[in-house]
Amino acid sequence: MTLIGMLHHRKDPKTVIKSYAYAAVAKAEGARFFYFSPKTVNFTNNSIRGQVYENGKWVERIMPFPDVIYNAGSPEKLAQYKGIIQKLKEKIPFTTHSIGNKWNISERLREAGEFSNYLIPSEIVKNTEEFFKFMDAFNTVVFKPIDGRKGKGIYFISKENDYYLVKKDTNTDRYSRQKLNEFIQSKLSAGTFIIQPYIRSITKSGQVYDFRLHVQKNGEGKWVITTIYPRVAPMGSIIPNINNGGFTNYLDPFLQQEFKDDAYNIRRTLEHFSLSLANHLDELQMIKYGEVIDEIGVDVGLDENLKLWIYEVNWRPGCPPAFYLEMDVVINGIRYAMYLAKNNKQIKERIKELKLQSIRDKNKKRDLPIIAVTGSAGKTTTKAFLSSILSKKWNTFSSKDYWNTTEHTKKHALEINDSHEAVVLEYGMAYPGVITEHCSIIKPNISIVTNVGLAHVGNFDGDVRKVAKAKSELIHGMDQKGVLFINLDDPNSKYLETDRFKGRIITTGIKSSPADYRAYDVKYTDNGMEFKMKLQGQEIDLFIPIFGEHHVYNAINAIAVADYLGLSPMEIKLGLLFRKPPRRLTIYRCKDNITVIDDTVHSHPQGVKAAIDVLCNIGNKRKVAIIGQMRELGDLRDDEYRKLGNYICEKDIDILITYGYKTEEIGKQAERKGFPKQNIYHFTDKEALHELLLKIIKRGDTILVKGASKTNMFDTVKFLDQTFG
């Protein structure tokens, strides 16, 4: 006869409602049962001072060690007895083990990959800046404690014009950005919170609902569905959890009412999904910890497209709100405990097999995506976008910002190892043959050419076709059966040498409708750019936390590669909230509503025009453009400076300041085209430039500082920041 011991942190079984049910069912199933807490264990004589249910009451008895332990207590409260419990686990099989908090479970599923497309993208909120970046991308979010239970402490936050609506249970408060910043800060100082986009499941009557999938192992050690039932929130609430006032219904009439012809298929989907996920989590637990699990509750929802999303996975969920289902839970629990007691040796063998298979699978290397990015502009930002997206799914090696010389590539070759699942590199060049050397060190199988422009054109006899030829070294040096991504909108990319390339060419763009990946409805917001794309047959709203249409092109490149590699739209959307490379259109909000735009890493005609576009789009009052010298233009310098003068004259710029050798030609050409002479200044002395700024900058001005690192234009950014704070 199997002896089952129920372990709980409470001393008195009368305070644990389910203890009686388990005692009664164990007796009916032909097993002996007792209740105990950790302090009653005696390892000297392998005995436990337990409680046995006899003649209608609990009676204390000295019991031998049981054949199996039903683990029923709170992990947090049992943690103080960690040593005792660990010694028990070494001697006796436990029916169930904690699978971690919501974050740990999601990360485990994400890493394994099989169910990652069902996960709502989530981030641990480290600071308020990250919170607002997430808000800008998703507009409506769920903000909740990482260890929350029973719907407690969940906030639904949405943006409405210049305000934010914060909803908890049925209460809604209206916050300014500053007040919300203070509120979020107070929560983060008190505990760890996660944020995720709000995926709504709504009934025809407008009530929020979800499905609880309750699965257990039975007396044969197989996963079975205990029950599936909908939980419906009260009208006006967005939490269907029953502890918060939600109510339940029977599955079939609910599905018939809400989905009619799709009801049967949805039921089968929920059934198949619940068993598949349980098996998957069980195997992951065995591989990672050498443990089995026997019961989980999964909360899922269906969006407007009937796509299934995992809201939460709960270890040892509460019993369904009906007595006969509660007894089903107990019956399955007791029968599985008896199965485990008799088959523990076979289960241990199964765990060994799974671990060995996992090692074999890891040794079967999939093709490692090695992605190289080159182009006259946008390399670093494209790399940063792509690395951020891929890291949502894989351990990604990414070159440091601006580490794009061949010496850097040699260092990268030594740093990439077997743990990396994707590699993203920048390949820079200023002369012919450089990219060929990059490829000889690390040969990419996926390549991106962002564009072909005038950067370094002075080193190529002023001929952009020769620049394109040098960029084409990436096409010739990569895996000839790989994938090449090209900007269809870039006029000079037509000079790239693609004729002999045997791999696949994928095109990107905004203006070119034939592009394989095209962004549209591109617009500026307060904190970045919004646009739309079609991914996997659906129209997706996307956001990047950086200004400029040229950065939308960089984002499209990253999106296209990530989609090709199989990442989900949600993983892509979350990955676009990247860590922006420093001094790339960095915005400083100063006192007196003065705004400074720092774009002081590289400078070439294409990049200057893009920065001026940003200035015109985000500046509210006077717009001041400070333009530094552009090097390596060769014989094209004066002509390109005059073109830039024409461009500035066409734009809504109020004050033009040029700095550096020969840059006065920009202002002269602007004056010829009608730009007011009194608003044009030129300097070769930076201190004199700064003295002018002290005199002319007014409240509400937006100031662009554009120049290359070699001209030290960042000194002017620092001056403005120190002066206007």
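Bear in mind that the values in this text are calculations on the coordinates, not laboratory data. Note that the structure is predicted; figures quoted are calculated from it, not measured. With ideal geometry, Cβ positions are generated from the backbone for all residues, glycine too; neighbour counts draw on all protein chains shown.
Order these by the 10 Å Cβ neighbour count, fewest first: T525, T128, T374. Provide the component values of the computation, followed by the final result.
Details: T525 13, T128 17, T374 29.
Least to most surrounded, the residues fall as T525, T128, T374.
Add +1 for every Lys or Arg and -1 for every Asp or Glu among the other residues with Cβ under 10 Å from the Cβ of S376, and state the total. Display every interim value, and only then the final one.
Working: positive: K379, K471; negative: D490.
Residues close to S376 contribute a combined charge of +1.
In Å, what Rg and Dmax follow from the Cα atoms of the stretch 483-564?
Computed over the Cα atoms of the stretch 483-564, radius of gyration and Dmax are 13.2, 45 Å.
One quarter of the convex hull surface, Cα atoms only: what value does that give for the chain in nm²?
Averaged projected area of the chain's Cα convex hull equals 36.7 nm².
If I model a spin label at S74 and E671 as a point 7 Å from the Cα along the Cα→Cβ vector, what separation in nanometres do I get?
In this crude spin-label approximation the distance works out to 7.8 nm.
Roughly what % of DSSP beta bridges within the stretch 3-91 run antiparallel, to the nearest 5?
Looking only at bridges with both residues in the stretch 3-91, the antiparallel portion is about 55 percent.
Based on the Cα gyration tensor of the stretch 327-478, what are the three equivalent ellipsoid semi-axes, each the root of five times an eigenvalue, rounded to whole Å and given largest first?
Over the Cα atoms of the stretch 327-478, the ellipsoid semi-axes are 52, 16, 11 Å.
Please list, ordered by chain and number, the residues whose modelled amide H lies under 5 Å from the amide H of F33; skip anything fewer than 5 residues away on the same chain.
I4
Tell me, what ³J(HN,Hα) does each residue in the stretch 666-671 have, in order and in whole Hz, if you take phi through Karplus 6.51 cos²θ - 1.76 cosθ + 1.60 with θ = phi - 60° and put x for Gly and Pro?
My calculation for the stretch 666-671 gives 4, x, 4, 5, 4, 5 Hz in order.
In cubic angstrom, how much convex hull volume per residue do the alpha carbon atoms of the stretch 527-602 span?
Dividing the Cα hull volume of the stretch 527-602 by its residues yields 100 Å³.
Order 605-612, 401-408, 83-90 from most to least packed using the mean count of other Cβ atoms within 10 Å.
Ranking, from highest mean packing down: 605-612, 401-408, 83-90.
Can you give the translational diffusion coefficient of the stretch 367-410 in µm²/s, computed by Stokes-Einstein from the Kirkwood radius over Cα pairs at 4 °C and 1.567 mPa s?
115
For labels at E220 and E129 in the simple 7 Å Cα→Cβ model, what's the distance in nm?
Computed distance between label sites E220 and E129 equals 5.8 nm.
With +1 on the Cβ of every Lys and Arg and -1 on the Cβ of every Asp and Glu, and nothing else charged, how large is the dipole of the stretch 177-243 about its Cα centre, in debye rounded to the nearest 20?
Values: 9 positive and 3 negative charges, 24 e Å.
With only Lys, Arg, Asp and Glu charged at Cβ, the dipole is about 120 debye.
Specify which residue in the list F138, V292, I446 is farthest towards the positive end of the charge dipole of the chain, using unit charges on the beta carbon of Lys, Arg (+1) and Asp, Glu (-1), about the Cα centre.
Projecting each Cα onto the dipole axis, the largest value belongs to V292.
Looking only at Cα atoms, what is the convex hull volume of the stretch 62-220 per residue, in Å³?
Once divided by residue count, the hull of the stretch 62-220 is 205 Å³.
Could you list the square roots of 5 times each eigenvalue of the Cα gyration tensor of the stretch 370-575, that is, the equivalent ellipsoid semi-axes, sorted largest first and rounded to whole Å?
25, 21, 16
Can you give the FRET efficiency for R32 and K57, using 1/(1 + (r/R0)^6), R0 = 22 Å, r = Cβ-Cβ distance, to the nearest 0.05? Don't skip to the answer; put the middle values down first.
Numbers: r = 17 Å, r/R0 = 0.77.
With a Förster radius of 22 Å, E is 0.85.
Hull surface divided by four, with the convex hull built on the Cα atoms of the stretch 127-231: how many nm²?
9.0
Between Q678 and R177, what's the calculated FRET efficiency when r is the beta-carbon distance and R0 is 35 Å? Round to 0.05.
Efficiency at R0 = 35 Å is approximately 0.35.
Suppose every Lys and Arg Cβ carries +1 and every Asp and Glu Cβ carries -1, with no other charges. What dipole size does the stretch 586-724 come out with about its Cα centre, to the nearest 20 debye?
My answer is approximately 340 debye.
Based on other C-beta atoms within 10 Å, arrange E291, E473, E349 from fewest to most.
E349, E291, E473
For the chain, with only Lys/Arg (+1) and Asp/Glu (-1) charged at the beta-carbon, what is the dipole magnitude about the Cα centre, in debye rounded to 20?
Approximately 1760 debye in magnitude.
Output wanted: per-residue J couplings in Hz (rounded whole) for the stretch 16-32, from phi through Karplus 6.51 cos²θ - 1.76 cosθ + 1.60, θ = phi - 60°, x for Gly and Pro.
10, 3, 6, 4, 5, 4, 5, 5, 5, 5, 4, 5, 5, 8, x, 10, 8
Report the Cα centroid-to-centroid distance between the stretch 417-495 and the stretch 654-682 in angstrom, as an integer.
Distance between centres, Cα-based: 35 Å.
In nm, what is the difference between 0.36 nm times the number of residues separating D461 and A24 and their Cα-Cα distance?
So the chain would gain 148.2 nm between D461 and A24.
Taking just the C-alpha trace of the stretch 641-718, give me its Rg and Dmax in Å.
Spelled out, the Cα radius of gyration and Dmax of the stretch 641-718 are 12.3, 33 Å.
More than 23 angstrom separation, counting every C-alpha pair in the stretch 1-111; what % is that?
The calculated P(r) of the stretch 1-111 puts 30 percent of pairs beyond 23 Å.
For the chain, what does the relative contact order come out to in percent, with C-alpha contacts under 8 Å and a separation of six or more?
RCO, the chain: 9 percent.
Could you check the spin-label model distance between E437 and R267? Points 7 Å from the Cα along Cα→Cβ, value in nm.
Here the modelled spin labels are 7.0 nm apart.
List H690, H438 from most exposed to least, where exposure is judged by having the fewest other Cβ atoms within 10 Å.
H690, H438
Between S513 and L692, what FRET efficiency follows from the Cβ-Cβ distance if R0 is 60 Å, with the result rounded to 0.05?
Numbers: r = 46 Å, r/R0 = 0.77.
The value I calculate is 0.80.
Given the rule -39500 (n - 2.57) for each run of at least 4 DSSP H residues, summed and divided by the residues of the chain, what is its mean residue ellipticity at 222 nm, to the nearest 500 deg cm²/dmol?
-11500 deg cm²/dmol
Out of the DSSP beta bridges found with both residues in the chain, what percent are antiparallel (nearest 5)?
60
For V68, what residues show an amide H to amide H distance below 5 Å, using hydrogens built from the backbone and excluding near sequence neighbours?
Residues meeting the amide H criterion: L3, G5.
Grab every C-alpha pair in the stretch 586-724, bin the distances at 10 angstrom width from 0 up to the longest one, and report whole percents.
It works out to 13, 49, 34, 4, 0, in whole percents.
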